[in-house]
Each structure stands twice: as structure tokens, then as C-alpha cells.
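Undergrad: Dumping the structure here so I can ask a few things about it.
The values are calculated or read from the model by the stated rules, or taken from the named source; none is laboratory data. In this text, all values refer to a predicted model and were calculated from it rather than measured experimentally. We place every Cβ from the backbone using ideal geometry, glycine too, and count neighbours over all the protein chains shown.
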Amino acid sequence: MGSEAGGGAAAIDLLRSAAPFLPDADLLLTPGTGLVLVDLVNGFCTVGAGNLAPVTPNKQIEKMVEESTRLAKVFCQRNWPVFAFLDTHHPDKPEPPFPPHCIIGSGEENFVPALEWLENDPNVTMRRKDCIDGYLASFEKDGSNVFSEWVAKFQIKTVRDPSYLNVRWKKV
Ligand SMILES: [Zn+2]
């Protein structure tokens with residue numbers, strides 16, 4: 001993909017060998033299923049929110065947000081684990097070749113309105129990231145990895161990633 005979407009995809013690639021990946025399958029409501037949400041932030045999904053946001057309403061992005069919201073509700077109602085990557089950048093650390101986006105304090109770095117409630121949901125592990133690779137961005141200074149720990153802690157065997165619906169980066 002070679003795009004922002006690769007962040008979450010890279011993380012999921014790493015899981016593929018250990019866990020079945022079901023991008024197109026119906027949601028299997030079985031224990032051991034984890035939901036991974038990638039960059040459902042205003043800066044990428046809310047019309048007019050920033051340099052990498054859609055400039056006009058976009059059906060595919062709307063569908064992705066809708067599907068993500070639906071799945072997140074199902075997961076949280078069942079107390080099942082949700083992991084959310086949020087693209088977040090310091091203003092003095094650009095991410096070439098992309099124009100400034102998701103700068104801390106701009107609001108672009110926050111969940112889209114439909115998913116704001118996730119911030120306070122105990123089932124959700126949030127990870128702000130400042131690079132396209134969500135897995136790499138999950139490493140702490142001590143070498144531990146928040147994403148790997150999430151997979152291990154909840155014994156995740158299947159990952160659901162609704163961002164496969166997302167084509168927003170094709171315009172970049
Ligand atoms: Zn970014």
C-alpha cells in the first residue's frame with residue numbers, strides 16, 4: 001500500500017501467521033476476537049478537518065466509520081477487546097511526504113465524533129502513533145510493545161480490521 005493505511009496493515013501482517021485474518025468474512029462472535037481500529041480520526045475521516053481529510057463527503061469513509069462504530073459497540077457490549085491506533089503528530093515533527101496532519105491540539109488527532117465514546121470505554125486500548133507503522137509505534141522505550149501485549153493479554157486469535165473499507169489514502 002505504501003501509505004498511511006500501511007500502519008495498521010503492517011501490524012496486522014505481523015499477526016497473520018499467528019491468527020486467522022478475516023477482512024471480508026462475517027464477524028465471528030467468538031472469544032479471542034479482537035477489533036483493531038486504525039486512524040479513525042478527524043484528520044483522516046471528517047470532511048474538511050485538515051490536509052488529509054476528505055474535502056467532500058465520501059461514501060467509503062462514511063461506510064468505514066459506520067461499520068467501525070457498529071463493531072465497536074458490539075465488542076464493547078460484550079467486553080471484548082478493542083485496540084485503536086490514532087495518528088498523532090507533534091507540530092515540529094513532520095511526516096514526509098505527507099503535509100502536516102493530526103497535529104496535537106488541532107482536534108484532527110482525535111476520534112471522529114461517532115467514536116468519541118471509545119476514549120472512556122475500559123475495553124479500549126488506545127495508542128497514539130506518529131508514524132505509518134502502528135506496530136513499530138507500539139514499542140515503548142523499554143522494548144515492550146503495547147500491541148503485542150494486547151494480543152497476548154486477551155489471547156487474540158482473530159483480528160477484525162474495518163479499515164479495509166478505507167480508501168481515503170488513494171488521493172494522497
Ligand atoms: Zn501521520
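Undergrad: Leu35 is checked against (1) closer than 23 Å to Tyr135 by Cβ; (2) within 16 Å of the ligand (Cβ to nearest atom) and fails just one. What number does that condition carry?
TA: Only one criterion is unmet by Leu35, namely (2).
Undergrad: Continuing with the same structure: Which of the residues belonging to the range 68-85 are surrounded by 17 or more Cβ atoms within 10 Å (Cβ to Cβ) and touching a helix residue (DSSP H, G or I) at 6+ places or on another chain (Cβ under 9 Å)? Before the answer, list the steps.
TA: To start, the set of residues in the range 68-85 that are surrounded by 17 or more Cβ atoms within 10 Å (Cβ to Cβ) comprises 68-69, 71-72, 75-76, 80-85.
Across the range 68-85, the qualifying residues are Ser68, Thr69, Leu71, Ala72, Cys76, Trp80, Pro81, Val82, Phe83, Ala84, Phe85.
Undergrad: For Thr125, all conditions in the list (1) farther than 19 Å from Arg78 by Cα; (2) at pLDDT 95 or above hold save one; what is the number of the exception?
TA: Only one criterion is unmet by Thr125, namely (1).
Undergrad: On to the next question. Just to verify a result, which residue in the range 50-69, among those that are outside any loop (DSSP other than H, G, I, E, B) and of a type in the set (Val, Ile, Thr), is nearest to the ligand (Cβ to nearest atom)? Talk me through it step by step, then tell me what you get.
TA: Initial filter on the range 50-69 (outside any loop (DSSP other than H, G, I, E, B)): 59-69.
Checking which are of a type in the set (Val, Ile, Thr) leaves us with 61, 65, 69.
Details: Ile61: 16, Val65: 18, Thr69: 22 Å.
Result: Ile61.
Undergrad: How many residues does the range 106-119 hold that are loosely packed, with under 14 Cβ neighbours inside 10 Å and under 16 Å from Phe83 (Cβ atoms)?
TA: Total meeting the criteria: 1.
Undergrad: Residue by residue through the range 94-108, note down the ones that are closer than 10 Å to Asp130 by Cβ and in contact (Cβ under 8 Å) with a residue 60 or more places away in the chain.
TA: Result: Cys102, single match.
Undergrad: While we're looking at this one, here's another question. Look through Pro122, Pro96 and report the one residue that is surrounded by fewer than 16 Cβ atoms within 10 Å (Cβ to Cβ), under 21 Å from Phe44 (Cα atoms) and not aliphatic (A, V, I, L, M).
TA: Values: Pro122 fails: under 21 Å from Phe44 (Cα atoms).
Residue meeting the stated conditions: Pro96.
Undergrad: Counting only residues that are assigned to a helix (DSSP H, G or I) and touching a strand residue (DSSP E or B) at 6+ places or on another chain (Cβ under 7 Å), which one in the range 70-93 is nearest to Arg128 (Cα to Cα)?
TA: Filtering the range 70-93 for residues that are assigned to a helix (DSSP H, G or I) and touching a strand residue (DSSP E or B) at 6+ places or on another chain (Cβ under 7 Å), the one nearest to Arg128 (Cα to Cα) comes out as Ala72.
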